[in-house]
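Have a look at the structure below, then the notes.
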Amino acid sequence: MKEITKKWLEFAKNDLEAAKILLNGSKKNIYYACFYYCHQSLEKNLKAILAERDQKIPKIHDLVDLFKKTQIHFPKEHIHFIKTINPYYNPIRYPDSIMELKEEFTKVKTKKIYQQTKEAIKWMQHELTRKN
């Protein structure tokens, strides 16, 4: 595995750890931050795949565009999940948008998002090592 790929994966791992800490934290009003770090971890795993394949790594945050650029045949459940979490990226970065979505950031939903993130990442990392 290339060094640049390892760096992307290390950052992705740290983001997933941050998501776990936020999920298990005592402040329910910051579950949106767990969504953010789940998104970040997914994004960096996708960029690791691109790096490993010597593809240009675009400075974008759109998970759908990134997974298309990998040209990997993702399982339907992961495609559906990526399409589900992707729209949260911009709103969770702005206080006024978070206020509009605050009812969506429940412990149950956040836990589900975190678990689906872990499953998608596990699949991507298997795919990354399988192809090389």
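Exactly one residue out of Glu43, Glu3 is surrounded by 13 or more Cβ atoms within 10 Å (Cβ to Cβ), among the acidic types (Asp, Glu) and modelled with pLDDT of 95 or more: that is Glu43.
When Glu17 is tested against (1) within 26 Å of Arg130 (Cβ to Cβ); (2) touching a Ser or Thr at 6+ places or on another chain (Cβ under 7 Å), only condition (2) is not met. Of all residues in the stretch 89-111, those that are without any contact (Cβ under 8 Å) to a residue 60 or more places away in the chain, under 20 Å from Asn14 (Cα atoms) and surrounded by 13 or more Cβ atoms within 10 Å (Cβ to Cβ) total 1. Note on the stretch 51-75: residues that are part of a helix (DSSP H, G or I), within 15 Å of the chain's Cα centre (by Cα) and not β-branched (Val, Ile, Thr) amount to 5. Among the conditions (1) in contact with a Ser or Thr (Cβ under 9 Å, 6 or more places away or on another chain); (2) over 22 Å from Lys109 (Cα atoms); (3) assigned to a helix (DSSP H, G or I), the only one that Cys34 does not satisfy is (2).
Would you call Ile121 farther than 13 Å from Asn45 by Cβ, surrounded by 14 or more Cβ atoms within 10 Å (Cβ to Cβ) and aliphatic (A, V, I, L, M)? Answer is no for this residue.
Put simply, of Ile85, Ile92 the only residue that is closer than 17 Å to Leu23 by Cα, within 15 Å of the chain's Cα centre (by Cα), modelled with pLDDT under 95 and assigned to a helix (DSSP H, G or I) is Ile92. The number of residues in the stretch 14-29 being surrounded by 15 or more Cβ atoms within 10 Å (Cβ to Cβ) and either under 15 Å from Lys122 (Cα atoms) or among the hydrophobic types (A, V, I, L, M, F, W, C) (or both) comes to 6.
The values are calculated or read from the model by the stated rules, or taken from the named source; none is laboratory data. All values reported here derive from a predicted model rather than from experimental measurement. Heads up, the Cβs are rebuilt from the backbone with ideal geometry, glycines too, and the neighbour counts pull from every protein chain shown.
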